[in-house]
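**Student:** My structure is below; once you've seen it, I'll send some questions.
The values are calculated or read from the model by the stated rules, or taken from the named source; none is laboratory data. Because the structure is predicted, anything quoted here is derived from the model rather than measured. Positions of Cβ are backbone-derived with ideal geometry, glycine not excepted, and every protein chain shown enters the neighbour counts. Side chains included, ligands, DNA and RNA excluded: accessible areas come from the protein's heavy atoms. Shrake-Rupley method; radii C 1.70, N 1.55, O 1.52, S 1.80 Å.
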Amino acid sequence: MNFNPKKKASNIILLISAFIIVSLILWNTNSFFKKFKEEERLKMEIWATAQLELIQSSVDQELGNLTLKVMGNNTSTPMILVNEEGTIKTHNIAPENAADSIYIQKKIRQFASENEPIHIIQEGELLETLYYGNSEVLNKLKYYPLALLLIICLFGAVIFFFFRINKASEQNKLWAGMAKETAHQIGTPLTSLLGWNELLKSENINQDITKEIEKDIIRLQTITERFSKIGSIPELREYDIVSETEKAYQYLKRRSSKLVHFSFSSDIDKLPVLLNPPLYNWSIENLVKNGIDAMKGKGNIAIQIEKKGQNVHILVSDTGRGIPKSDFQSIFNPGVTSKKRGWGLGLSLVKRIVEEYHKGKIKVLSSSKEGTIMQISLKANTQSDG
């Protein structure tokens, strides 16, 4: 597995460039908003000047076209005029709302917080106060930076998860490569051991010794096959789930401490399931070993097989210290372990073997101070029936 530092650097540069571009857009939008608001203020001051001219004019005096045009053209900015006597006039506010005094008082407070009121003064005397709100365009523009911030956050989240998934993928490839290389390295001395064992058989050595050596060689071959399959899609064939589970059970029982009491039961005699035996047995082995560790090498291990509908459940229970409910999901994550000397890969491998390779499910069925029950669920191969 080769890591490409140039590719990593280009991804970081791309992320920083995208962030800078979006930040510039945000800054430019904010500047535009402020400028637009200043222009709106200027427009309202001109309107207030036209209003003052209207106040100063007599009844029979004809107003200029400019004043009328200034006052008539503003149809978007909501305004409230309050004179010195408290009389209120509204512009660009719906008639039904203009008639509601509570609504108008609320709007006066809102407008005063949004924009500084404009005082219409004649010869030092305050005639009217103009309260005005933001126009519809300005209101929409006001929320645009918030939308951009949301986009930045979403964009950052997408990039973060992309890098995280990419890193996890690279790590998976690295582990798979290491596993395959380990299998390859074991293969050479294993072949030599086979030859040496055959030589020992011909030397009138106690056959019990050579048989035990042969069993360990077969075990090493199984381990090599397991590691060679990591990272690749294993071949699944139809096997009897009861027979394969019992094989794993018998092997573990023979090689475990006498302080661990094993039991095996099944409510069915035979059931075909699509399996890869070396990987499936590895899953059972990991669950049993975890159970023995949880019991500190002393207690009861039970393996039970149940058929429910189209599924078969393999239950592995122990009498260990139990797992906190909050850790039911996290224990399947790589690196999570309660052991002082552990890599935290056992249960993550089991999950991958069961769910990715065999399309099944694994979960903590129950756990307490009295022990834990792990459940593997696989689909029965009903196509073989009939």
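**Student:** Pairwise over distinct Cα atoms, reciprocal of the mean inverse distance: report the Kirkwood radius of region 201-339 in Å, one decimal place.
**Tutor:** Across region 201-339, the inverse of the average 1/r is 17.1 Å.
**Student:** Can I ask one more? Taking 7 Å along the Cα-to-C-beta vector as the label spot, tell me the residue 34-residue 116 distance in nanometres, rounded to one decimal.
**Tutor:** Each label point is offset 7 Å from its Cα along the Cβ direction, giving 1.5 nm.
**Student:** In region 273-328, carbon and sulfur make up what percent of the accessible area (probe 1.4 Å)?
**Tutor:** So the carbon and sulfur contribution to the accessible surface is 50 percent.
**Student:** Follow-up. Can you give the Rg/Rh ratio of region 6-156, where Rg is from the C-alpha atoms and Rh is the Kirkwood radius?
**Tutor:** Ratio of gyration radius to Kirkwood radius for region 6-156: 1.18.
**Student:** At 7 Å along the Cα-to-beta-carbon direction for both residue 207 and residue 22, put a label point, then send me their distance in nm to one decimal.
**Tutor:** Result: 7.4 nm between the two label points.
**Student:** May I pose another question? Starting from the Cα of residue 321, step 7 Å along the direction of its Cβ; do the same at residue 359; then give the gap between the two resulting points in nm.
**Tutor:** Result: 4.0 nm between the two label points.
**Student:** Now, a different point. Want the number for residue 56 to residue 12: 0.36 nm per residue separation, take away the alpha-carbon distance, what's left?
**Tutor:** The span from residue 56 to residue 12 would gain 9.2 nm if fully extended.
**Student:** Just report the Cα centroid separation between region 69-132 and region 223-302, whole Å.
**Tutor:** The distance from the Cα centre of region 69-132 to that of region 223-302 comes to 82 Å.
**Student:** By a straight-distance test (C-alpha under 18 Å), which aspartates and glutamates pair with residue 247 as possible cross-link partners, with residues fewer than eight away in the same chain excluded?
**Tutor:** Straight-distance partners of residue 247: 212, 214, 216, 225, 238, 267, 269, 285, 306.
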